[in-house]
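Below is one structure, written out as structure tokens; comments come after it.
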Amino acid sequence: MTEQNYSSMRAAMVESQLRTSDVDDPKVVAVMAKVPRENFVPAERRAMAYIDRPVPLGNGRALNPPLVTGRLLKEAAIVPGDKVLLIGAATGYAAALLSELGAQVTAVEDEAGPESAVAGLVRGPLSAGASAGAPYDVLFIDGAVEAVPAALVAQIVDGGRVVTGLIERGVTRLGSGRVVAGTLGLSSLADMEMVVLPGFAAPERFVF
């Protein structure tokens, strides 16, 4: 497949997946129209780079659909200079988009995660984050989790933004919120098909 083919597919993604589904931030649309997503999927799956479903990366992991990435970026409301803690770096696509938006990205991927194009990638448990670089202005969890661990919340500045996927009663949803006085308040925004990240089981609750 030629570069022209990929460029056409990228343009179609913007028009048919993003603009029709509430991804209306011009900066987000511009960077997603610019960054070649096909460079962030396995070579044998490049033809799938712009489909509206997760792209398998191996070892049970996948790259989120473009719409999910676009909505997360829109809700994150990145401004140049923001320090972003990216959880679930995968192959580096979200990190590349965040960098294009002017963010300073610290990306975390677990030891079993896919090969990544992110420079300075932090390898370790996703739920632990990267405390050495804290505090961060934005927590960007690139996938769905049952709960956002306190260890990650503690690495975000007061008033910092959080975007993530949430697993609620077996359904994955887009979530957005802020950290205030060390407490995270999240709201569910929309049901969306997205990848589930490992290592984020909700804590058990006592039943009386």
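Computed from the coordinates by the stated procedures, all read-outs in this text should not be read as laboratory data. What you see is a predicted model; the values in this text were computed from it and never measured.
Points worth noting:
- In the chain, helical runs assigned H by DSSP with n ≥ 4 each contribute -39500 (n - 2.57); averaged across all residues and rounded to the nearest 500, the mean residue ellipticity at 222 nm is -5500 deg cm²/dmol.
- Share, in percent, of DSSP beta bridges within the chain that are antiparallel, nearest 5: 50 percent
- The equivalent ellipsoid that matches the C-alpha gyration tensor of segment 3-191 spans semi-axes of 25, 18, 16 angstrom, in descending order.
- Cα centroid of segment 101-172 to Cα centroid of segment 16-46, whole Å: 21 Å
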